[in-house]
Amino acid sequence: MNYKDLFNSKNLFLILLFITTYLRVINIISEQLWEDEAISIAIASAPNNSFWNVIIRDIHPPLYYLILRGWIILFGKSVFSTRLLSVLFSILTFPVLYLIGKEIKDEKLGLIVIFLYSLSPFSIFYANEVRAYSLIHLLFTICLYFAILCIKDPIKLRNYLYLSITGATLIYTHYIGFIYFGILLIGLLIFNRKEKVIYRKVILTILITVASYIPWLPYAVQDFLGGAHGYAGGELNLIYLFYWAFNLFLGPVPSNINDPYVYKIIVLTLLLNIPLMILSIISVIGLIFTYKDIDSFNSKELLFFIIVIPVLLFGITIIIGFIVINSFTAKNLIGVLTPIHILEAIGLYHLFSNKNLIVSNNKILTIIRAHLSKRLLYSIIAVFLITNISIYPLFRAYYLQKPDWDGCIKQLKKKFKNHDIIILCYPGGPYSDVMEYYSDLNNFDLDDNFEEVIYDEDEIEEFFEDITKDNITRIWIITFWESYRDPKDKTDDMIVDEYDLEEIKEYNYRLDITLALYELPS
C-alpha cells in the first residue's frame, strides 16, 4: 500500500473505525462502577421469579435491561463485560452515521461525520457506562437514517415500516424516545407536506409504533404519574443550560463549578478540547456562508430537516425542563450528537471541498477561505487526533474517576469481625447496590450485617434498640455525598453524638467515601 492508497475511502473508514473502537475500549475498566451502573446490573441480574417486578418498579422502560440480562447470561457481569455492551452500541452507531452522510451527499461527507463522531468526548464517556445512553444514540441515529430515506423517497412503504420498528425500540428504551421519535415524524410531515401520501404513511407509522407499545403502556402511565423525580436533573436555568452545552460539546463533567476539584476538571477539559472548539467554529462558518450553494447536496429539505431536529429537541426539552423540575439531564440528549455532527460535517465539506466557492463573489467568504486554508484545517485535525488518542484517555483515567467502593469493601472484608455491623448513611442515592456488587466481587457477605439509615431520629433510635439486643459491639459507618448535589449527610454525627460512640479508625476513599469504625460504650 502506498501513501495515497492510505487515504482512499475504504482505508479511511477502517482507520476511523479503529480509532472509534480504541477510544471507547481504552478506559473501559479504568473507572469503577458508580451507583446507577450497579443498579442496571442489579436489575438485569434479578432472579427469574422477581425480574419483571423489579423492572416495573424502575423509572425506565425495559428494553435495555432485557438486552443487558441476555448479555450477562452469555458473558457475565464483570465491569469489563457489562460496559462492553455499551461500547458495542456506540461502535454500531458509527456505520449508520456513515450511511447518513452518503445519503445526504457522498462518501466524503460520510467520512467527515464519522471522524467527528469517533472523537466525540460525550459519546466516548457514555460508551463506558452500564446505562442505556449509547443504545439511545444508536436507535435514534437509525431512526434518523430511515426518516431521511422517507424524505428522499416518500412513496416507498418499507422505509416507514423500518422507521416504526426502530422507533418502537427507542421508546421501549427510554421515555425521551417519545420526543426524539415525535420530532422525526413532525419533520417528515413538514418537509413532505406536498406529498399527500405522506400523511397516510406517517399515520400508519404511528399506529404500528403505538400498537407495539400497548403491553408497556400501563407501566409507562404509572411512571409518568409518578413524576420526573428519578431523572435528578436539577432546576433548569441559564447556568444549567450552559452546563448542558459544555457536556455535549466538550465532555461530561460534574456540575458543581464551585468545587476546586470539579473546577480543575472543567478547565482541563476545556483546554484539551480547544482544537475541537476551533473545528466546530470553522464548521459553523462553513454552514453559514455556503448555504446558498446547498443545491449541490440532494435537496435543501434534507439540510433544513437536520437543522430542525436539534432546534426542536433543545426547544421542547427546555420548555419541559422549566415546567417540570428534574425532568431532563444532558445525557438524555445524547441523540442530538447525531444532527450536530452532521451539520458540522456539512459545514466543513462545503467550505473546503466545493470548488465552486473559489470564485465566490462573497468578500467575507473569500477572506475566510484565504485565512482558513486546508493546511490550517489539517493541522487542527492532526492536533485533535493526537490529543484524543494519546492525552485524553490519560486525562479521563486520572481525573474522571468514580467513587472507590471496591477499596471500601476490601477494607471491610479485611477488618470486619463478629458482632460488627455496617451502617450506610446516604443523602441522595441508593448506594447499597454498588456495595452489593463489590461485596459479591470480593466474596464478602454484606446481607446479614448491613443497615441503611437515613436522617431520622426515630429510625436511629429503633436501630440502636435492635443492635443492643444482638450484642453488637462495633459499628462501621459509611458516609458518601456529592457536594454538588446534596449537603453533607449528618446521620453519622447524630449517631456518634447521641450514643457516645468512640472512634477507633477512619479510612477515606476516592470521591468522598468515608469508612469509620466506632466502638459502642460498655
query = Rounded to a whole number of µm²/s, how large is the Stokes-Einstein D of the range 112-160 at 10 °C and 1.306 mPa s, given Rh as the Kirkwood radius over C-alpha pairs?
reply = 127
task = Go ahead and collect, in residue order, the members of the range 109-147 whose backbone nitrogen is under 20 Å from a label point 7 Å along the Cα-Cβ direction of LEU511.
result = 121-135
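Distance cut-off 24 Å, Cα to Cα: go down the list LYS105/LYS156; LYS77/LYS402; LYS201/LYS331; LYS414/LYS469; LYS264/LYS374; LYS156/LYS196 and report the pairs above it. Numbers along the way, then the final one.
Values: LYS105/LYS156 20 Å; LYS77/LYS402 18 Å; LYS201/LYS331 32 Å; LYS414/LYS469 26 Å; LYS264/LYS374 34 Å; LYS156/LYS196 13 Å.
Violating the 24 Å Cα-Cα cut-off are LYS201/LYS331; LYS414/LYS469; LYS264/LYS374.
Provide the packing ranking of 135-143, 385-393, i.e. peptides ordered by the mean count of other C-beta atoms within 10 Å per residue, highest first. Walk me through the intermediate numbers first.
Numbers: 135-143: 26.7, 385-393: 15.8.
Listed from highest to lowest mean packing, they are 135-143, 385-393.
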ask   = In the range 4-399, with Lys and Arg counted as +1 and Asp and Glu as -1 at Cβ, which of these residues, LEU279, SER78, ILE319, has the Cα nearest the positive end of the dipole, that is, farthest along it?
value = LEU279
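Give, in nm to one decimal, the length gained when the segment between LYS469 and LEU189 is fully stretched (0.36 nm per residue of separation minus the Cα-Cα distance). If you can, show how the numbers build up before the last one.
Working: separation 280, 0.36 × 280 = 100.80 nm, distance 6.95 nm.
Using 0.36 nm per residue and subtracting the Cα-Cα distance, I get 93.9 nm.
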query = With each pseudo-label sitting 7 Å past Cα toward Cβ, what's the LYS414-LEU217 distance in nm, one decimal?
reply = 5.7
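Taking the beta-carbon count within 10 Å as an exposure proxy, list SER379, SER522, SER134 from fewest neighbours to most. Kindly include the intermediate steps, with their values, before the conclusion.
Details: SER379 12, SER522 5, SER134 28.
With the fewest neighbours first, SER379, SER522, SER134 line up as SER522, SER379, SER134.
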query = Ordered by packing density, taken as the mean number of other Cβ atoms within 10 Å over each peptide's residues, highest first, how do 51-64, 205-218 rank?
reply = 51-64, 205-218
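Taking 0.36 nm per residue of separation and subtracting the Cα-Cα distance, what length does fully extending ILE504 through TYR22 add? Before the final figure, lay out the partial values.
Working: separation 482, 0.36 × 482 = 173.52 nm, distance 4.60 nm.
Gain on stretching ILE504 to TYR22: 168.9 nm.
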request  = Could you order peptides 42-48, 108-114, 84-90 by the average number of other Cβ atoms within 10 Å of their residues, highest first?
outcome  = 108-114, 84-90, 42-48
ask   = Restricting attention to the alpha-carbon atoms of the range 4-399, what are Rg (one decimal) and Dmax (integer), both in Å?
value = 21.3, 72
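Could you list THR338, THR269 in order of exposure, starting from the residue whose Cβ has the fewest other Cβ atoms within 10 Å?
Numbers: THR338 28, THR269 21.
With the sparsest Cβ surroundings first, the list reads THR269, THR338.
Listing ILE409, ILE274 from the residue with the fewest other Cβ atoms within 10 Å to the one with the most, what is the order?
On the way: ILE409 25, ILE274 14.
Final ranking by Cβ density, sparse to dense: ILE274, ILE409.
Only the coordinates and a few stated rules stand behind these numbers; no lab work does. All values reported here derive from a predicted model rather than from experimental measurement. Counting neighbours? That spans all protein chains shown, and the Cβs are built from the backbone with ideal geometry, glycine included.
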